[in-house]
Every structure is written in C-alpha cells, then in structure tokens.
Amino acid sequence: MALRHAVLAALLDGEYSGYQLAKAFDISVANFWHALPQQLYAELARLEADGLVEGREVVQESRPNKRLFQVTDAGRAELERFAGAAPKPSSIRDDLLVKVQNADRIGTAPVIEQLEARATAAEAKIELLGKLLRNMRGDMDEEEYLLRGERIGGYLTCLRGLAFEQGHRDWCLRTADVLRKRKRTGSNRAER
C-alpha cells in the first residue's frame, strides 16, 4: 500500500487540513500505517496535483490561512481500484530483531533494555487502543457493535492494532526474560 491510499482513505471521513489529517493519522491510522506530518503534507500536494484530492483555502482572521482537502471522484475511483487489487504480503523490517538475532554474539544487556522499552511502549499503545475502542463502541458491548455499529472498518483495524501490540509486548517481555536467564547461566558466548 502506498501512503496515497492511506491518505485517500482517511479523507473519506470528510474535509481535513494537513494538521487535522496528521492528528487523524495519529488516532486511527497509526496502528497500521505510520507517517510523519511532513510526509502527509507532501502526499497531499501530490494527490492534489494528480487530481485525486482538491484543496480549498480557508481565510482565518487570527491565525494563518489553512487549506482543507477532500477526495475527488477520481480519488474515490483510485480507492476502489486499490480495494480490488490483490494485497501484497506483509513483512517485518525491525532493527530490534537484527539485534535480538545476534544478541548471543554482541551481548545482551543493551538488547534487554531495548526489549523492555519496546514492551513499555506497546503497553501504552494497548491502553490507547483500548480507550479508542471503548469510545467507538459507546454503550454497546463489542459483539453488539460488531453487528450493529454504524462504521465498522476503523473498529476492525483498531482491533488488529491491539492484537499486534499485545503480541509484540508479550514477545518482547519473553525474549528479554530468555536473554536475562541465558546471561545468568553463562549461555551467551559474547558475555563469557
């Protein structure tokens, strides 16, 4: 998936400024697609140049003017084309995994610290995603929301993000524990 499709999909909810889009990404899209605000602004400019979004300037008295963007018919057609295309297999590229793979050769102490920090970060995301899910559901329990909720896509992607973060946290904690135990027993060649 290209960033363009994530931006187009986010704009289906309505008209956003670049700033509002960055905030929306932080809340709803970040669990499956990371983008820096600068990347979003650049992508909005490309999408506008390609006719997939249109922008309009809003004059503000006490603040700088802002541009609001919305998806065009061509943008919707591009999203429909994208939705019909076969997905690429997902892959993992994570520098921490390179460190873990070689921990018994390079030493475990810094890797254990990084694993524990990553687990702490995952726990914070788990709490945030749980709160977001509860807010989306309102008074409904999850099964009722899944059957009758007005918009389900964001909820389902949030559930996937939650499962990912829970699995990531658990793996980091287990891996740190394994490396710590191996260090105590002298099983790591690099730390003998």
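Quick note: the coordinates plus some simple rules give every number you see, no bench work behind them. For clarity, every value in this text was computed on a predicted model and none was experimentally measured. Here Cβ is always computed from backbone atoms with ideal geometry, including for glycine, and neighbour counts include all displayed protein chains.
State the answer as a single residue: which of Gly75, Pro89, Val58 lies farthest towards the positive end of the charge dipole of the stretch 53-93, with beta carbon charges of +1 for Lys and Arg and -1 for Asp and Glu, about the Cα centre.
In the stretch 53-93, that residue is Pro89.
With the Cα gyration tensor of the stretch 78-134 giving a ≥ b ≥ c as the square roots of its eigenvalues, does the rule (a/c under 1.5 for rounded; else a/b larger than b/c for prolate; else oblate) give rounded, prolate or oblate?
The shape class here is oblate.
If you place +1 on the Cβ of every Lys and Arg and -1 on the Cβ of every Asp and Glu, how big does the dipole about the Cα centre of the stretch 64-151 come out, in debye to the nearest 20?
About 480 debye.
Sorting Ser91, Ser187 on the 10 Å Cβ count, fewest up front, what's the list?
Final ranking by Cβ density, sparse to dense: Ser91, Ser187.
Given +1 on the Cβ of Lys and Arg, -1 on the Cβ of Asp and Glu, and no further charges, what dipole in debye does the chain carry about its Cα centre, rounded to the nearest 20?
That gives a dipole near 1140 debye.
Using only DSSP helix segments of four residues or longer, with each worth -39500 (n - 2.57), what per-residue ellipticity at 222 nm results for the chain after dividing by its residue count and rounding to 500?
My calculation for the chain gives -20000 deg cm²/dmol from helical runs alone.
Once you have the Cα-Cα distance between Gln101 and Arg76, take 0.36 nm times their residue separation minus that, and quote the gain in nm to one decimal. If you can, show how the numbers build up before the last one.
Details: separation 25, 0.36 × 25 = 9.00 nm, distance 4.31 nm.
My answer for the length gained is 4.7 nm.
How much net charge surrounds Val53 when only the other residues with a Cβ under 12 Å from the Cβ of Val53 are counted, with Lys and Arg +1 and Asp and Glu -1?
With Lys, Arg at +1 and Asp, Glu at -1, the net is -2.
Sort out for me the Cα centre separation of the stretch 111-166 from the stretch 1-70, rounded to whole Å.
23
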